[in-house]
Amino acid sequence: MADTLQFDLVSPERRLASVAATEVQIPAAEGDMTAMAGHAPTITTLRPGILRVSNAQGSQSFVVTGGFAEITQTAISVLAEQAIPVEEATGTVFDDLIAEAKSLAEIALPEDKAAAEKMVNDIVAMRHAAGH
Amino acid sequence: MPSLKDLKNRIGSVKNTRKITKAMQMVAAAKLRRAQDSAEAARPYADRMNAVMAGLAGSASGEGAPRLLSGTGADQVHLLVVMTSERGLCGGFNSSIVRKARIAAQELLAQGKTVKILTVGKKGREQLRRDYGQYFVAHVDLSEVKRLGYVNARGIAQDILARFDAGEFDVATLFYNRFVSVISQVPTAQQVIPAVFEEKSVEGVSDLYDYEPSEEGILADLLPRGVATQVFTALLENAASEQGARMSAMDNATRNAGDMINKLTVEYNRSRQAAITKELIEIISGAEAL
């Protein structure tokens, strides 16, 4: 079995990465998961968080805000609604995201309230993880 | 018979027009390339999104399927999302979309359905206002937008989804121009709510995967995104088509201006020659009379 898998990260506007990776850490909806070659085929939604791709050359991180990931034994495709390389994500980017999530949480219907507030918390946690 | 000076002025003004249309053509060509690039860049996302949704939708249809997929059960109120450009001078681009939307609206009205129209871009709004103004429910203005982003599409999609949740319509259809080539753009009607998928979706693909949280959960999360993605694709296709249409329209205009200049120049030379001949005849006959 090959020990790398093909990793693709696409956002609606462009393809951000297409590399061979040894492991990919995904901020899945119900907790982080790390996928390596030979992972059981899975489709999962993402929560806002840091996506980390590691291969022989080192590792790359991306800030993603939502979307989903499709994992097969040999490839991972992440379709993120918004994805930014961690180096480009400054404090203002996070501020904007938090402000947007908060305004959504305020107008959310009662049944969506919990989800919207979780979104805010996820983004705040992501900000800490990114070191801002 | 226009005087020599008039002809000269007209040649000058047509030459100016030609310069302008030529410049517009070149600007459109540059913008077209950029629009095509972004349409190209958006394709992998949209394709993958559709593939996964089609797979999920196949297994989730039936009872308890999300309303975005199964519809409201009614077919009474139709929302037509008519996407046109913010600027004119692009040939038949806007008219062809409006024509398509108009035919659809007429058919629906003839069947006794209710029609609501959401316009994107002011050119289509202007053309539809007279006959269908009373059906307008909203307008999205993109004239301030320099570069189309996913954000714009998401805004439109959120508006559509909020209206759907509020029960304002049963079926939503996008009208836009699909870009085929510079000289060919196809006006297209695409139904987004309830979602339709092409039949090619692979059977049983959903059995292969584990789902987290659950198939239904993922589908419920994906469908609104799917609407936004389709709106985004439509916006990009439309932008590329607009520039393509403008480019060929301006190419035609430039060529017509060239023809006109040639014709006017011939006429100018002929009258100049006539004037010279006339003067000569006057001098000669004057000399002969002596």
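Every number here is computed from the coordinates shown, using simple stated rules; none is lab data. Because the structure is a prediction, the values reported are computed rather than measured. Positions of Cβ are generated from backbone atoms using ideal geometry, with glycine treated the same way; all protein chains shown enter the neighbour counts.
Taking chain B as a Gaussian network of alpha-carbon nodes connected by springs under 10 Å, the highest mean-square fluctuation of the residues B:GLN134, B:GLN158, B:GLN191 belongs to B:GLN134. The mean sequence distance of close C-alpha pairs (under 8 Å, at least 6 residues apart), as a share of the length of chain A, puts its relative contact order at 22 percent. Think of the protein assembly as shown as having a plus end and a minus end, set by charges on the Cβ of Lys, Arg, Asp and Glu; of A:GLN73, B:LEU280, A:ILE43, B:LEU280 sits farthest toward the positive end of this dipole.
A simple charge model with +1 on the Cβ of Lys and Arg, -1 on the Cβ of Asp and Glu and nothing else charged puts the dipole of the protein assembly as shown at about 3060 debye relative to its Cα centre.
Listed by chain and number, the aspartates and glutamates whose alpha-carbon sits under 20 Å from that of B:LYS278, ignoring those within fewer than 8 places in the same chain, are B:ASP6, B:GLU267, B:GLU288. Partner shielding of A:62-70 amounts to 2, given as the average count of beta-carbon atoms from other chains within 10 Å of each residue beta-carbon.
Per-residue shielding of B:210-216, expressed as the average number of other chain Cβ atoms within 10 Å of the residue Cβ, stands at 4. Judged by the ratio a/c of the largest to the smallest principal axis of the C-alpha gyration tensor, region B:21-249 counts as oblate, that ratio being 1.5 or greater while a/b is no larger than b/c.
Over 21 Å between Cα atoms: which of B:LYS15/B:LYS123; B:LYS31/B:LYS116; B:LYS100/B:LYS123 fall into that group? Exceeds cut-off: B:LYS15/B:LYS123; B:LYS31/B:LYS116. The long axis of helix B:150-165 is offset from the longest Cα principal axis of chain B by roughly 50 degrees.
Is there a quick way to get the dipole size of region A:86-132? I mean about its Cα centre, with the Cβ of Lys and Arg at +1 and of Asp and Glu at -1; what is the value in debye to the nearest 20? In total the dipole reaches around 160 debye. Straight-distance candidates among the lysines for linking to A:LYS102, with alpha-carbon spacing under 30 Å and chain neighbours fewer than 8 residues away dropped: A:LYS113, A:LYS118, B:LYS146.
Straightening the chain between B:LYS263 and B:ALA287 buys 5.0 nm, computed as 0.36 nm per residue apart minus the Cα-Cα spacing. Over the protein assembly as shown, how many percent of alpha carbon pairs lie in each 10 Å bin up to the one with the longest distance? Answer for the protein assembly as shown: a P(r) of 4, 18, 24, 21, 14, 7, 5, 4, 2, 1, 1, 0 percent. Within region B:21-249, antiparallel bridges make up roughly 35 percent of the DSSP beta bridges whose residues both belong there. Footprinting exposure proxy ranking of B:THR119, A:THR74, fewest other C-beta atoms within 10 angstrom first, gives A:THR74, B:THR119. Taking 7 Å steps out from each Cα toward its Cβ at B:ALA189 and A:LYS113 produces label points 4.3 nm apart.
Here the simple spin-label model places points 7 Å from the Cα toward Cβ, and for B:ASP131 and A:ASP32 these points are separated by 6.0 nm. Please check: in the Gaussian network model of chain B (C-alpha springs, under 10 Å), which one of B:ARG129, B:ARG154, B:ARG246 has the largest mean-square fluctuation. Of the options given, B:ARG129 has the highest mean-square fluctuation. Taking other C-beta atoms within 10 Å as the exposure proxy, B:SER241, B:SER271 rank B:SER271, B:SER241 from fewest upward. Grab the beta carbon distance between A:VAL93 and B:THR17, set R0 = 41 Å, and tell me the FRET efficiency rounded to 0.05. With a Förster radius of 41 Å, E is 0.30. Among the listed pairs B:LYS5/B:LYS122; B:LYS19/B:LYS122; B:LYS22/B:LYS122, a Cα-Cα separation exceeding 31 Å is found for B:LYS5/B:LYS122. With neighbours defined as other Cβ atoms within 10 Å of a residue's Cβ, the residues B:THR188, B:THR229 order from fewest to most as B:THR188, B:THR229. When a/c is below 1.5 the answer is rounded, else prolate if a/b is larger than b/c, else oblate, so apply that to region A:90-129 with a ≥ b ≥ c taken from the square roots of the Cα gyration tensor eigenvalues. Verdict is oblate for region A:90-129.
Anisotropy class assigned to region A:5-86 is rounded, per the alpha carbon gyration tensor with a/c under the 1.5 cut-off.
Note on B:ARG87 and B:ASP210: the model spin-label points, each 7 Å out from Cα along the C-beta direction, lie 5.3 nm apart.
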